[in-house]
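Below: one structure in C-alpha cells.
The values are calculated or read from the model by the stated rules, or taken from the named source; none is laboratory data. Bear in mind the structure is a predicted one, so any value in this text is a computation, not a measurement. Quick reminder, even Gly has a Cβ in these numbers, built from the backbone with ideal geometry, and neighbours come from all protein chains shown. Accessible surface is based on the protein model in full, side chains and every heavy atom, while ligands, DNA and RNA are left aside. Shrake-Rupley method; radii C 1.70, N 1.55, O 1.52, S 1.80 Å.
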Amino acid sequence: MAVHFFAARLRFCRTLLLALAASAITALGGAQPRRPSSDLFPPSALRCDGWGNPLAVSTPQPQFSWSLAATAPDLYGVTQSAYQIQVSASSGGFGSTQVPLWDSGVVHSAATFGIQYGGPTLEPQHEYAWRVRVWDKRGSATAWSTVAHWRQAPTWHADWIESPGAASPDAPLPLFRKTFTLTHPVIRAILYASGLGQDELRLNGRKVGNDVLTPGWSDYRKTVFYDSYDVTSLLRPGRNVIGVMLGNGMYRVLHTPGRYTKFVGSMGPPKCIVQLDVEFAGGSSVQIDSDESWKTAPGPITFSSTYGGEDYDARRN
C-alpha cells in the first residue's frame with residue numbers, strides 16, 4: 001500500500017511540474033514586447049553646417065541636420081511630425097538648472113536638415129553644444145539626442161609669412177618654424193592654418209592631421225581655404241615647436257622643361273598663415289600667430305610641380 005501511495009505521489013508531482021512548465025512556455029510565447037513610447041529612436045548623426053562637431057563654422061547662423069530610425073524593423077512609413085532644438089553656450093552641455101542660449105520650441109515640421117540657428121549672436125572661437133528631440137506622427141516624443149558640439153570660426157590675428165628668395169623658380173620650397181613655451185596645463189588647443197599652395201604641419205615633430213594636399217584648391221583670387229585641427233594631445237608642458245613645410249600646388253604651377261606640363265601660372269611665392277589658440281585650466285589663454293619672428297630656411301623639396309613631379313634632397317632634411 002505504501003509503495004502504491006509513493007508512486008501516486010510521484011505521478012502527481014510529475015504532472016504538476018509538466019503543467020507548470022507548459023504554463024510558463026505559453027506565457028513566454030504569448031508575451032508581447034513592450035512598445036517604446038515613440039516610433040522613432042532619438043536623432044543621431046547630428047551635423048552642423050554639414051559637419052559632425054566642426055571646429056570652425058564661418059556662417060553666423062549655422063544650419064542643423066540629423067538622421068532618424070524607427071524603433072522596430074516592422075514599422076513602415078514612420079515620420080517626424082515635430083522637432084525641438086536647444087543650443088547651450090557651455091561646451092559641457094546642458095545642466096539641470098542651465099538655461100539654453102537658444103530653444104527653438106516645438107516646431108511642427110518633418111524637416112531634418114537645413115534648420116537654421118535663430119538665437120543670439122555667436123562669438124568667434126567659442127564652442128557651443130546642441131541637442132535635438134523629435135515627435136513621431138502619433139505625437140510621442142523621443143528622448144533628447146546625444147549632445148553635439150561646434151566651434152565658431154576664429155578672428156584672424158596672424159600674418160601671412162613668406163621666405164626671402166622663395167619667389168625664384170629655382171629656390172627650394174621653404175620651411176617655417178616657431179618655438180614657444182607653455183607653463184600651464186592645457187585643456188584645449190585649436191590650430192588654424194593655410195599654406196599656399198599646399199602645406200604640411202608638424203607639432204613637436206608629429207604630423208598634424210591625416211589629410212594630404214591641404215588646403216583645398218580654390219580660385220585664389222577670390223577664396224583661400226584653411227584647415228582646423230584639435231591639437232590638444234600634441235602639446236606638452238614647457239618647450240613646443242610648430243613646423244610648416246610648403247608646396248606649390250595649383251597656386252604656383254612652374255614651367256617644367258623636359259617634364260610634362262599642362263599649363264603654367266603663378267599667384268605668387270609660397271606663403272602660409274598659422275594661428276594656434278591655447279586654452280589653459282583656470283580660464284586663461286594664449287595665441288601663437290605667424291609673424292616676422294618665425295624662422296625660415298630652404299627645405300628638402302628642391303623642385304615641385306603638380307604636373308612635373310617633385311625632387312626631394314634628403315640631405316637637406
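Determine ³J(HN,Hα), in whole Hz, for all residues of the range 282-289 in sequence, where each value follows from phi through the Karplus function 6.51 cos²θ - 1.76 cosθ + 1.60 and θ = phi - 60°; x replaces Gly and Pro.
Values, residue by residue: x, x, 7, 8, 9, 10, 9, 10 Hz.
Another question, then. Kindly write out, for the range 106-114 in residue order, the coupling ³J(HN,Hα) from the Karplus curve 6.51 cos²θ - 1.76 cosθ + 1.60 (θ = phi - 60°), rounded to whole Hz, with x marking Gly and Pro.
Residue by residue, the range 106-114 yields 7, 10, 7, 6, 8, 5, 10, 8, x Hz.
Once you order the gyration tensor axes a ≥ b ≥ c over the Cα atoms, which shape class does the range 38-181 get: rounded for a/c under 1.5, otherwise prolate or oblate by comparing a/b with b/c?
Judged from the Cα gyration tensor, the range 38-181 comes out prolate (a/c at least 1.5, a/b above b/c).
Can you return the aspartates and glutamates within cross-link range of LYS178? Criterion is Cα-Cα under 19 Å, with same-chain partners fewer than 8 residues away left out.
The reachable aspartates and glutamates, counting only those whose Cα sits under 19 Å from LYS178, are ASP159, GLU162, ASP199, GLU200, ASP227, ASP230, ASP277, GLU279, ASP289, ASP291, GLU292.
Follow-up question, since we're still on this one. Using a 1.4 Å probe on the protein chains only, how many percent of the accessible area of the chain belongs to carbon and sulfur? Before the final figure, lay out each step's value.
Values: 10100 of 18020 Å².
C and S fraction of accessible area: 56 percent.
Now a separate question. Separation between the PHE225 and LYS137 pseudo-spin-labels, each 7 Å from Cα along Cα→Cβ, expressed in nm?
For PHE225 paired with LYS137, the spin-label model returns 4.0 nm.
Sticking with this structure for a sec: So if I restrict to the alpha-carbon atoms in the range 195-317, what is the Rg, and what is Dmax, the biggest pairwise distance, in Å?
According to the Cα coordinates of the range 195-317, Rg and Dmax are 16.6, 60 Å.
What is the pair-distance distribution P(r) of the range 153-200, computed from all Cα-Cα distances in 10 Å bins starting at 0, with each bin given as a whole percent?
15, 43, 29, 11, 2
Length gain on complete extension for the stretch TYR307 to SER168, per 0.36 nm per residue less the alpha carbon to alpha carbon distance? Before the final figure, lay out each step's value.
On the way: separation 139, 0.36 × 139 = 50.04 nm, distance 1.87 nm.
So the extension gain works out to 48.2 nm.
Then there is this: In percent, what relative contact order does the chain have, based on Cα pairs under 8 Å that are 6 or more apart in sequence? Present the calculation step by step, with values, prior to reporting the outcome.
Values: 653 pairs, mean separation 52.9, N = 317.
Here the relative contact order equals 17 percent.
Further, regarding this structure: Taking θ = phi - 60°, what integer Hz values does the Karplus form 6.51 cos²θ - 1.76 cosθ + 1.60 yield along the range 47-54, in sequence order, with x for Gly and Pro?
10, 10, 6, x, 10, x, 6, x
Further question on the same structure: Need one number: convex hull volume per residue for the range 147-247, Cα atoms only, in Å³.
149
While we're on this one: Determine which lysines satisfy two conditions relative to LYS222: a Cα distance under 19 Å, and not lying fewer than 8 residues away in the same chain.
Those lysines meeting the cut-off are LYS271.
I've got another one for you. Relative to the present Cα-Cα distance, how much length would full extension add between ASP211 and THR181 at 0.36 nm per residue of separation?
Gain on stretching ASP211 to THR181: 8.1 nm.
Dipole magnitude of the chain about its Cα centre, charges +1 at Lys/Arg Cβ and -1 at Asp/Glu Cβ only, in debye to the nearest 20?
1420
Oh, and also: With the other protein chains left in place, how much accessible area per residue, in square angstrom, belongs to the chain at a 1.4 angstrom probe?
So the chain comes to 57 Å² accessible per residue, rounded to a whole number.
Moving to a separate point now. Relative to the longest principal axis of the chain, what angle (0 to 90°, nearest 10) does the C-alpha long axis of helix 2-30 take?
Rounded to the nearest ten degrees, it is 40.
If you don't mind, another one. In a solvent-free Debye calculation with one equal scatterer on each Cα, what is log10 I(q)/I(0) for the chain at q = 0.08, 0.11 Å⁻¹, listed in the order of the q values?
-0.57, -0.85
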